[in-house]
Each structure stands twice: as C-alpha cells, then as structure tokens.
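Shown next, in structure tokens, is the structure this report addresses.
The values are calculated or read from the model by the stated rules, or taken from the named source; none is laboratory data. Since we're looking at a predicted model, the values are computed, not measured. Here the Cβ is made from the backbone with ideal geometry for all residues, glycine too, and neighbour counts use every protein chain on show. The protein model used for the area step is the full one, side chains on, heavy atoms only, and it has no ligands, DNA or RNA in it. Shrake-Rupley method; radii C 1.70, N 1.55, O 1.52, S 1.80 Å.
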Amino acid sequence: MAGEFTAQMPTRRGRWHLYVVLMNTTARWPEYTFDRGGPVPTLTDRVHALSVLGFEPVPDAEWHWTEDSETPSTRPRRCC
C-alpha cells in the first residue's frame with residue numbers, strides 16, 4: 001500500500017497505542033501497543049512501532065500534540 005498516511009497515538013487504560021489511519025477503506029487500521037504505560041514514547045519508540053507495522057516516517061515529518069479525552073465533558077462549553 002503506497003502513499004502517505006497519518007499516525008495517531010492515544011492512551012487507553014494507561015497504555016500508549018500508535019495506529020495508522022487508513023481512509024476510504026474498511027480494512028482494520030494497523031495498531032501497535034507499547035509495552036509500558038507512563039511517559040510518552042520517545043521518537044525512537046514511535047519510529048520502531050511504525051516499522052513493525054510496515055511504515056516509516058516521512059522525512060522532516062513533525063508530531064503534533066493535541067490533548068483530548070475519551071470521556072466527553074458533561075458540562076456545557078462556552079463559546080464565543
């Protein structure tokens with residue numbers, strides 16, 4: 001499967017997971033679960049995970065950090 005894809009890395013149940021987003025397909029997204037919980041996996045850890053899944057980072061690619069929650073807030077949000 002050639003092309004460029006996006007990788008995302010959430011935490012679930014105290015463990016980090018890296019998965020590759022495959023758009024326009026019903027195929028299961030490739031996923032790697034890191035053996036340890038705790039701090040964010042290093043760049044070396046993430047590159048290793050991608051290689052295990054058969055991918056490699058694009059040269060000069062950047063990781064962006066966005067914090068979110070699996071449990072949406074029950075409080076109404078104020079806007080504008």
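Please identify the pairs in which a residue from the range 1-29 that is exposed (fewer than 15 other Cβ atoms within 10 Å of the Cβ) has its Cβ atom under 9 Å from the Cβ atom of a residue that is modelled with pLDDT under 90 and of a type in the set (Lys, Arg), counting only partners at least 6 apart or on another chain.
ARG15/ARG36
Can you tell me how many residues in the range 5-54 are at positive phi and at pLDDT below 90? Walk me through it before giving the result.
Taking the range 5-54 and keeping what is at positive phi, we get 13-14, 24, 38, 54.
From what's left, at pLDDT below 90: 13-14, 24, 38.
Residues that pass the stated criteria total 4.
For the range 43-52, state whether one or more residues are in a loop (DSSP other than H, G, I, E, B) and open to solvent by less than 70 Å² (accessible area, probe 1.4 Å).
No; the residues of the range 43-52 include none that is in a loop (DSSP other than H, G, I, E, B) and open to solvent by less than 70 Å² (accessible area, probe 1.4 Å).
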